[in-house]
Amino acid sequence: MNLGLSDSVAFVAGASSGLGRAVAKELLREGARVAICSRNSERIEDAAAHLREFAKEPSHVLPIACDVTDEAQIEAALDKTIAAFGHLNLLLTNSGGPATGMIDDFAASDWRNAIELNLMSTINLTRYALPWLRQAAGNTRHASILMVSSLSAKQPVPGLYLSNVSRAGVQGFAKSLSEEVGQEGITVNTILPGYTKTNRLSHLSESLHAQTGESIESIEAGWSANSALKRIGTEDEFAAAAVFLLSSRATFITGVALTVDGGAVKSIL
Ligand SMILES: NC(=O)c1ccc[n+]([C@@H]2O[C@H](COP(=O)([O-])OP(=O)(O)OC[C@H]3O[C@@H](n4cnc5c(N)ncnc54)[C@H](OP(=O)(O)O)[C@@H]3O)[C@@H](O)[C@H]2O)c1
């Protein structure tokens with residue numbers, strides 16, 4: 001299937017490792033030009049060096065140091081993207097995951113920080129990208145927003161209060177926006193990873209091990225056992241689904257929340 005991405009420009013947030021970097025890799029393989037961001041300039045430059053191996057041209061990868069909890073940095077990063085590539089028609093909102101813990105473990109500031117990291121970053125990336133996406137849609141380029149959320153939005157995960165709460169906000173934001181901008185030719189979807197092998201998952205198992213004493217092997221075996229496919233997913237499996245949803249082969253799909261979780265969520269819909 002030709003995904004029709006060769007004339008596309010994407011902004012991929014949280015892309016120095018893990019799911020964001022994997023999505024950037026697939027977009028580059030499909031011929032898109034891709035701006036990637038993360039907080040740490042050394043890490044994002046390293047990611048760019050790795051990703052250039054998959055790009056049609058080295059200049060198709062633009063690394064930008066940007067903390068997505070900072071509105072001014074988001075605005076500057078999008079301006080750099082337009083200056084380098086001339087337009088923007090695809091946005092992947094993404095960042096790191098919040099800490100684990102139970103209700104008594106968190107102060108109000110922890111809740112606020114998690115909302116900044118996972119919800120406000122999604123809203124602000126979208127707000128600043130929207131004028132460019134509208135321009136692209138008006139010029140008959142397909143325009144699409146995909147928001148990385150979590151399976152915790154459909155099925156809250158014990159000990160992941162901060163994620164459970166902030167992802168619910170992302171789902172409400174995405175569905176509202178899809179209704180508003182659909183008539184302008186912009187699609188808005190969310191993608192909900194289940195347990196997928198990345199740095200985040202390693203930190204999660206280490207943190208649960210520290211809290212409960214359960215071995216990391218047993219924690220990971222439990223995650224696998226709870227899924228229909230009885231295993232943890234890979235970044236590439238996640239990226240394949242994400243890139244399809246961003247692509248011009250998915251132009252009649254909007255307002256959906258796609259779980260990519262090997263069957264870990266147990267609800268029918
Ligand atoms: N992997 C899973 O199993 C899983 C499951 C459900 C949900 N998720 C969610 O999916 C998202 C991505 O997870 P992942 O597994 O890919 O994690 P990861 O491997 O830790 O990658 C997170 C990426 O986000 C960047 N980042 C973190 N904070 C940022 C900020 N404030 N501004 C800009 N970039 C930032 C990190 O780079 P720097 O450190 O350089 O900034 C890194 O590139 C997270 O929200 C996670 O909670 C993951």
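Worth a mention:
- Segment 218-224 - phi-based ³J(HN,Hα) in whole Hz, Karplus 6.51/-1.76/1.60, Gly and Pro as x: 5, 4, 5, 5, x, 4, 4
- Axis angle, to the nearest 10 degrees, between helix 161-181 and the longest C-alpha principal axis of the chain: 30 degrees.
- Charges were assigned to the Cβ only: +1 to each Lys and Arg, -1 to each Asp and Glu. The resulting dipole of the chain about its Cα centre is roughly 660 debye.
- Note: relative contact order over segment 1-159, using C-alpha pairs below 8 Å and six or more positions apart, is 22 percent.
- Around the Cα centre of segment 1-97, unit charges on the Cβ atoms of Lys, Arg, Asp and Glu (plus for the first two, minus for the last two) sum to a dipole of about 280 debye.
- The chain: angle of helix 199-212 to the longest principal axis, Cα-based, in degrees nearest 10: 20
- Once both labels are positioned 7 Å from their Cα atoms along Cα-to-Cβ, the gap between Ser176 and Leu269 label points is 2.2 nm.
- Calculated mean residue ellipticity, 222 nm, the chain: -14000 deg cm²/dmol, from DSSP H runs (n ≥ 4) at -39500 (n - 2.57) each, averaged per residue and rounded to 500.
- Of the GluC sites (Glu not before Pro) found in segment 106-211, no site is in coil according to DSSP while having at most 12 other Cβ atoms within 10 Å of its Cβ.
- Here segment 40-90 and segment 181-200 have alpha carbon centers that stand 19 Å from each other.
- Residue pairs exceeding 32 angstrom between C-alpha atoms, taken from Lys25/Lys80; Lys80/Lys230; Lys80/Lys154: Lys80/Lys230; Lys80/Lys154.
- In the distance distribution for the chain, Cα-Cα pairs more than 22 Å apart total 54 percent.
- Spin-label proximity, Ala84 to segment 106-146 - amide N less than 17 Å from point 7 Å beyond Cα toward beta carbon: 129
Each reported figure results from applying straightforward, stated rules to the coordinates on display, with no laboratory input. These figures come from a predicted structure and were not determined experimentally. Cβ atoms come from the backbone with ideal geometry, glycine included; neighbour counts cover every protein chain shown.
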